[in-house]
1. By how many degrees, 0 to 90 and rounded to 10, does the Cα axis of helix 5-37 deviate from the longest principal axis of the chain?
2. Over the range 42-95, calculate the relative contact order: mean separation of alpha carbon pairs under 8 Å at least 6 apart, over the residue count, as a percent.
3. Give me the distance between the Cα centres of the range 57-110 and the range 1-43, rounded to whole Å.
4. In the chain, which trypsin sites (Lys or Arg not before Pro) fall in coil by DSSP and have 14 or fewer other Cβ atoms within 10 Å?
5. Against the longest alpha carbon principal axis of the chain, how many degrees, from 0 to 90 and to the nearest 10, is the axis of helix 55-66 turned?
6. Once you order the gyration tensor axes a ≥ b ≥ c over the Cα atoms, which shape class does the range 42-95 get: rounded for a/c under 1.5, otherwise prolate or oblate by comparing a/b with b/c?
7. Could you please rank T26, T66, placing first whichever residue has the fewest other Cβ atoms within 10 Å of its Cβ?
8. In degrees from 0 to 90, rounded to the nearest 10, what is the angle of the helix 71-95 Cα long axis to the longest principal axis of the chain?
Amino acid sequence: GMTDGPVLELGRQLLGYLAVSGLFVTVAMTFTGALQGTGDTKGPLYISILSQVVVPVGLCFILQATRGLEPADIWLAIVLGHVTRCALSILRFQQGKWRNIRVDIDPTPA
């Protein structure tokens, strides 16, 4: 059941990883939201694909192929994906390319 020792231990591990991950998710969401608000939607899209699919799935694939995959490895891969998203979002914002994007807000006729 849900109160069995192994289940509680996995839950404890997950919460530890999520606590760390939450810091990076918050920063990443702030910067990607800012970029999207300025009209830079492709940058955040590519960052999300890389950090939320390629990094964690790729890391899990490599770990599984080399030594086997444990639940903690999956949590770590997710955290590393969030760290990647955070770092790339900050870098993209600091590049300043969003300053040159023109956003057309004219209403279109129905």
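1. Roughly 10 degrees between the two axes.
2. Across the range 42-95, relative contact order equals 49 percent.
3. The range 57-110 and the range 1-43 have Cα centres spaced 12 Å from each other.
4. R67, R102
5. Taking Cα atoms only, the helix is inclined about 30 degrees.
6. Taking the square roots of the gyration eigenvalues as a ≥ b ≥ c, the range 42-95 is prolate.
7. Ranking T26, T66 by Cβ neighbours within 10 Å, fewest first, gives T66, T26.
8. Result, in degrees: 20.
Taken together, the values in this text are just the output of simple stated rules run on the coordinates, not laboratory data. None of these values were measured; they are calculated from a predicted model. Virtual Cβ from ideal backbone geometry, glycine too; neighbours counted across all protein chains shown.
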